[in-house]
Each structure stands twice: as C-alpha cells, then as structure tokens.
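J.: I'd like to ask you about the structure that follows.
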Amino acid sequence: MTSSSTPSPAPSGAHGASPRPLSRLTARGRDEAHRVASPLELFFDLCFVVAIAQAGVQLVHAVAESHAGEGILNYAMVFFSIWWAWMNFSWFASAYDNDDVLYRVVTLVQIAGVLVLAAGVSRAFEDHDFLVVWLGYLIMRLAMASQWLRVARSSEGPERTTALRYAGGVLLCLVGWLGLVILPEGGRPWVFLVMAVLEMCVPRYAEKDFATSWHPHHISERYGLFTIIVLGETIAAATVAVKSGVDENDALGELLPIAGGGLLIIFSAWWIYFVVPIHGHLRSNKQAFLWGYGHYLIFASAAAIGAGLEVAVEQAVGKAHISTLAASAAVTLPTALYLLSVWALHSRHFKVGIAQQMVLPTTALLVILCTFLGDWAVLAAGIVSALAVATGVTLTARMAARESEEPAPVV
C-alpha cells in the first residue's frame, strides 16, 4: 500500500552527519533506495534493551523463588510497555525520520523515558508499584505524541487526520494506563489486558483512511537488529550466570551442559530468524500490522530464554528453590514459543511442502519434551534446535538441486 504523500529526499543527517536545521516533518518515500537504520535508531535500541535486561533479572528472581506465575504476569506487562514504545517509534521513524535537531532531541527524550521505566522495574515486580514504570512510559509516549502533532502541523488532508488520530490515541491511552497506579492490585491484570488491546487498536484506527509511508526493507532491518540485540543480551545474561556459578560453587561439570545447550539454542534462534528475507512479505498494512504485533512474542520469548538459562544455572548450583523440571521448563518453554512465533510470522511464508513447513512446529514439540530429561534438558533442547537448522538447510538444498535439474520449458 503506497502513501499518497509526496516523498521527500533522504535526510542529510540520516547516516551520522550533522543534523539538519528545523524543517517540516514530511513523509519519506516507501521506495527510497539504500534505506538503512540510522545511528540514532541503533542507540535507541541499545538503551531499550537496558529495560529488557532489568525485566529479565526480575523474572529470574521470581521464577527462582517459586513465584513463576506472578513473575511471568509482571514480565508480560512491563515487556509490553517497552516493546510498544519501541515499536511505535520504529514505524514512525520509518515514515517520518527527517533527522533534524528537534527530531533528535525528542528521540533522546524517549530514550530518557525508557531509562526511567527501567529504574522502576524492580519496584513493579517486588512491591507491585507501577508508578515509576508509568512515569517512564508517560515520558516516552508524550514525546511520541509531540512527533505526531508535528506531522499534523506539516501536512494536510487525510495525512493530517491520521497524525491527529495517532496523537489523540496516544494521549487517551496514557490516561487509561493510570489504572495500574491507582486501582487495587487485583484489578491491574484486567487494566493491562484492556489497555493493551486499546493501544494496539490506535494504529488500525489512525491509518484506516491513510497509510503512512513506512519502508518495508527499513522496517524488517529494524526488527532484525532489535532481535540481534535481544539475543545478545540473552547471551550476556547467561554468561554472567555461568561465571557466577563457577566462581562461587566450582560447579563447572553441572554448568557445561547448560552453557553448551544455551549457546546452541541462541545460535539456532539467530539462524532461524534470519534465514528468510521477510521484507518482501510486507506489502500492505494488514500484513505489516500482524507481523509487527506478533513480534511481541518473538522479542519476549527471546529475552525469556536468557532468563531461563539463568534460572537453570541457579538451580544447578543450589541457589534456586525450584525443581529440576521447573528450571528446565524455564528454558524449553520460551524456546518453543520462539520457534512457533518465528514460524508463524516468518518461515511459513517461504517454506514449500509439508516437510519444510513442519520443521519448526515439530522442533518446538521436541524441545518441550526435552523438559523431562532432567539435568540434560537444556543440552538436549540445544541439540534439537541445531538439528532443526541442519534439517532446514538440507531440505532447502535438496529442493534447489531438484529445481536446477528440471529442464527449461520449451517456448
């Protein structure tokens, strides 16, 4: 779907040069060549992963102390606020990043907001106090609303209406999120559920008459880069956990299977995500919304794998008050969710034949079954994940070989 707005040339500061002076915030072209993530966007991603790391640490503590249900619920709520603010900025930037001074300043304000949110994560988990999280979210979303108001000022007609709908929706939802601060604790999950649905309805409503000019290749790259950063944070968290276990308990023998299996899982997760060029699938808002929203599960499960590996390490060295089965599930369940989510959003659009289509769903089932293998569960899950990659590569190579052997049609 192509925006009806007139595309503007690529901003001079998009690749790290000096920012432009204040200018109109007009749409960029969907067919713009050589569109890549800017240094500001990369910096934005790195700062957001700080908040994800904080949520992961608290999830580890909750699961290790046998409060998995409560921990997962808090993790889902906090992660949604981080992911939603990141996603809204990414799609906005894909359409309107002019890289002038004001745009940069407002983006830095959003970064400050996520750091405030990160500072409140521990209070949200331990004391069920979401005030600081809400304040951080308030800063991020007010900055986002100001960007949309700037678009409205620079445009007219349906595009201006879309920008005003976005700004109004963002501001109204901020009022609704106050329920997490002022309502009794028992009602907060329902507040989260209702507000999450309303937040996700804002883009659909805002763009029902005018589609913003997001760039398919740029968007797919932005999501891919954030996936890499989340997986990198997962490796970092697992490494710290293994180091702590070795230093304090001299438990190298118990930790090697977890470390080896964890690496295989993370390496496989990277391979599986990037094996297909998804930008070619993003041709309309309908496809893009489903793909973009679905990444909540991909990002959350990828980060949760790291938390699960930490839990498995703590259980192996006697720090976690949970069973081996529960510690194994902390790794295998998010791994299975990641595999199924990537298959649903990415792989199934590019797989041919039942054999290729069934690789990831079957792997997810086998990973879940690995939960019951005791101390070897994580290593087994890693081996199964690696075998899935090998199977996918083999099936693809065989299909390519068969296609190359077929005679060319006679015209």
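J.: Given axes a ≥ b ≥ c from the Cα gyration tensor, I'd like to know whether the stretch 38-86 is rounded (a/c under 1.5), prolate (a/b larger than b/c) or oblate.
T.: It is oblate, given that a/c is not under 1.5 and a/b is not larger than b/c.
J.: Take every Cα pair under 8 Å in the stretch 52-147 that's 6+ residues apart, average their separations, divide by the length, and report that relative contact order as a whole percent.
T.: 31
J.: Taking the Cβ of Tyr293 as the centre, find all other residues whose Cβ is under 12 Å away and add up their charges (Lys, Arg: +1; Asp, Glu: -1).
T.: +1
J.: Would you please classify the overall shape of the stretch 225-269 from the alpha carbon gyration tensor, given that a ≥ b ≥ c denote the square roots of the eigenvalues, rounded means a/c under 1.5, and beyond that prolate means a/b larger than b/c while oblate covers the rest?
T.: Verdict is oblate for the stretch 225-269.
J.: While we're on this one: Evaluate the relative contact order of the chain (contact order divided by residue number), counting alpha-carbon pairs under 8 angstrom at least 6 apart; express in whole percent.
T.: 17
J.: Regarding the stretch 160-293, what is the average projected area of its C-alpha convex hull, in nm²?
T.: 12.0
J.: For Asp100, list long-range residues whose amide hydrogen, built 1.01 Å from N in the peptide plane, is under 5 Å from its own amide hydrogen.
T.: Correct list: Arg20.
J.: Using a 1.4 angstrom probe, figure out how much accessible area the chain has per residue, in square angstrom, rounded to the nearest whole.
T.: 43
J.: Shifting gears a bit: Which ³J(HN,Hα) values in Hz, rounded to whole numbers, follow from the phi angles of the stretch 202-214 under the Karplus curve 6.51 cos²θ - 1.76 cosθ + 1.60, where θ = phi - 60° and Gly and Pro get x?
T.: 4, x, 4, 5, 4, 9, 5, 10, 8, 8, 5, 8, 5
J.: To continue, here is another question. Which chymotrypsin sites (Phe, Trp or Tyr not before Pro) does the stretch 317-378 hold that lie in a coil by DSSP with at most 15 other beta carbons within 10 Å?
T.: Phe350
J.: Under 1.5 on a/c is rounded, so check that first for the chain, then, if it is not, pick prolate when a/b is larger than b/c and oblate when it is not; a ≥ b ≥ c are the square roots of the alpha carbon gyration tensor eigenvalues.
T.: oblate
J.: Another question, if that's okay. How much mean residue ellipticity at 222 nm does the chain get from its helices, if each DSSP H run of length 4 or more adds -39500 (n - 2.57) and you divide by all residues, to the nearest 500 deg cm²/dmol?
T.: Calculated mean residue ellipticity at 222 nm is -26000 deg cm²/dmol.
J.: Which residue, Val313, Val121, Val276, tops the fluctuation ranking in a GNM of the chain built on C-alpha contacts under 10 Å?
T.: Looking only at Val313, Val121, Val276, the largest GNM fluctuation is found for Val276.
J.: Further question: Test of understanding: in a Gaussian network model of the chain with alpha carbons linked when under 10 Å, which of Gly262, Gly136, Gly176 would top the mean-square fluctuation ranking?
T.: Highest fluctuation of the listed residues: Gly176.
J.: Can you list the HN-Hα couplings for the stretch 54-62, worked out from phi with the Karplus curve (6.51, -1.76, 1.60; θ = phi - 60°), rounded to whole Hz and with x for Gly and Pro?
T.: Working through the residues one at a time gives 5, 5, x, 4, 5, 5, 4, 4, 5 Hz.
J.: When the Karplus curve 6.51 cos²θ - 1.76 cosθ + 1.60 is applied with θ = phi - 60°, which whole-Hz ³J(HN,Hα) does each residue of the stretch 334-340 get, with x for Gly and Pro?
T.: For the stretch 334-340, the Karplus curve yields x, 5, 5, 5, 4, 4, 5 Hz.
J.: What does the charge add up to near Val63, with Lys and Arg as +1, Asp and Glu as -1, over the other residues with Cβ less than 13 Å from its Cβ?
T.: After counting each charged neighbour, the total is -3.
The values are calculated or read from the model by the stated rules, or taken from the named source; none is laboratory data. Predicted, not measured: the structure shown is a model, and the values here were computed from it. Positions of Cβ are backbone-derived with ideal geometry, glycine not excepted, and every protein chain shown enters the neighbour counts. Note: areas computed on protein heavy atoms with side chains; ligands, DNA, RNA excluded. Shrake-Rupley method; radii C 1.70, N 1.55, O 1.52, S 1.80 Å.
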